[in-house]
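Working notes, structure below.
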Amino acid sequence: MPVTDISTYSNLANITASAATTTTSSSSATSVTTATNDTLGKDAFLKLLIAELSNQDPLNPMEDREFISQMATFSSLEQMQNMNSTLTSMANAEKFSAVQYIGKAIAFTVTEGEGDSATSVQKVAVVNHVWFDPDGSTILDTTEGEVPLEKVEGVSVIS
């Protein structure tokens with residue numbers, strides 16, 4: 001059973017030993033179904049591909065194009081996982097760089113008032129503390145109150 005579209009296998013719990021064309025190595029296919037992750041990762045994809053190759057009909061083997069297509073899909077999956085890891089690392093580095101704002105003046109804009117009388121006012125405040133919200137945002141505790149890092153428009157050294 002060739003894998004032609006990886007999106008059809010988004011949940012490994014739905015893949016059964018029927019992926020194997022023979023019953024002699026159903027343990028290989030079953031080991032694929034015991035993955036703890038709900039998404040098809042690169043290890044599970046390789047296990048599925050190995051199970052497929054080892055259980056194919058010798059009289060009707062997988063065609064080269066199918067194999068190349070599956071390897072290209074695997075390569076694409078691996079590159080996406082690497083990019084996700086890099087982006088996560090970059091986000092963490094940016095988050096911890098906010099600690100450098102402690103003791104410095106920051107500029108930010110707040111909206112004062114409501115409705116038609118709402119106005120945008122730029123404020124300047126000194127950063128006293130930095131904390132990391134559980135939802136992933138970085139909060140600067142300033143002399144003017146709490147300011148999300150993404151609202152900072154400028155930073156200055158206090159002389």
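One decimal place: the segment Ser120-Asp133 gains 2.2 nm when fully extended, by the rule 0.36 nm per residue minus the C-alpha distance. Shape call for segment 102-156 from the C-alpha gyration tensor, a ≥ b ≥ c root eigenvalues: rounded (a/c under 1.5), prolate (a/b greater than b/c) or oblate? Verdict is oblate for segment 102-156.
No lab work stands behind these numbers, since they all come straight from the coordinates. This is a predicted model, so every value here is computed, not measured.
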